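Structure record follows, encoded as structure tokens.
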Amino acid sequence: MKLHDISLTISEDMAVYRDKEEKKPKIEITRTLKDGSNESKIYIESHTGTHADAPYHMLQKGKKIDSLNLSSFIGECIVLDLTNAKGSIKKQDLQKYEDKIKKGDIVLLKTKNKPENKFNFEFVYLEKSGADFLSAKKIKLVGIDN
């Protein structure tokens, strides 16, 4: 299997949720080669850049991120082109892919979203009816590019 790393690089000038300054990553150099080695500290919010939301993020009794098996994030995937979706991805947006989505799939949603230095308040997101549709298909994971 060929692996593709689709994660974004973390930097102090990357976009963060609602452009809140306190959510920006902070990178502090703590040692240099003059001191024997280069070392640094990175301070980030759990929702910085490319990340996974554990079920606990939205469900009181959901699993926390440290209890999820890493194999949940690796596997064959399908990419659904939803670049024409406006505002949110709903059940009706996904239904045209119904025959392509199989149980156990990793589903990646390609939207008009793109990496930016400022938070885009009009980003495309997965709406509840779309999430319920994918959940009913018993997929392994869903990812979105925002």
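Would you compute the Debye intensity of the chain from its alpha-carbon atoms alone, equal scatterers and no solvent, and pass along log10 I(q)/I(0) at q = 0.14, 0.15, 0.20 Å⁻¹ to two decimals?
-0.81, -0.92, -1.41
May I ask for the Kirkwood hydrodynamic radius of the stretch 93-142, worked out over all distinct Cα pairs and given in angstroms to one decimal?
12.2 Å
Considering only protein heavy atoms and a 1.4 Å probe, what is the carbon-and-sulfur percentage of the accessible area of the chain? Mind dumping the intermediate values first?
Numbers: 5770 of 11050 Å².
Summing carbon and sulfur atoms, their accessible area is 52 percent of the total for the chain.
Using a 1.4 Å probe, what is the accessible area per residue for the stretch 1-78, in Å²? Intermediate results must be reported in sequence, preceding the final value.
Working: 6610 Å² over 78 residues.
For the stretch 1-78, the per-residue accessible area is 85 Å².
With N set to the residue count of the stretch 1-82, report its C-alpha Rg divided by 2.2 N^0.38 Å to two decimal places.
Numbers: Rg = 16.9 Å, N = 82, 2.2 N^0.38 = 11.7 Å.
Rounded to two decimals, the normalised Rg is 1.44.
Along its three principal axes, how long is the stretch 41-90 when you only count alpha carbons? Whole Å, largest extent first please.
For the stretch 41-90, the Cα extents along the three principal axes come out at 37, 27, 26 Å.
As an exercise, use a Förster radius of 35 Å and the Cβ-Cβ distance of E98 and D13 to find the FRET efficiency, rounded to the nearest 0.05. Don't skip to the end; give the middle numbers.
Numbers: r = 41 Å, r/R0 = 1.16.
E between E98 and D13, to the nearest 0.05, is 0.30.
Cβ under 14 Å from I44's Cβ, I44 left aside: what net charge do those residues give with Lys, Arg +1 and Asp, Glu -1? Intermediate values should be presented prior to the final figure.
Values: positive: K20, K23, K24, K26, K41; negative: E12, D13, E21, E22, E28, E45.
Net charge in that neighbourhood comes out at -1.
The values are calculated or read from the model by the stated rules, or taken from the named source; none is laboratory data. Just so you know, these numbers come straight off a predicted model, no measurement behind them. As a convention, Cβ positions derive from the backbone with ideal geometry for all residues, glycine included, and neighbour counts pool all protein chains shown. Note: accessible area is taken over every heavy atom of the protein model, side chains too, but ligands, DNA and RNA are not part of it. Shrake-Rupley method; radii C 1.70, N 1.55, O 1.52, S 1.80 Å.
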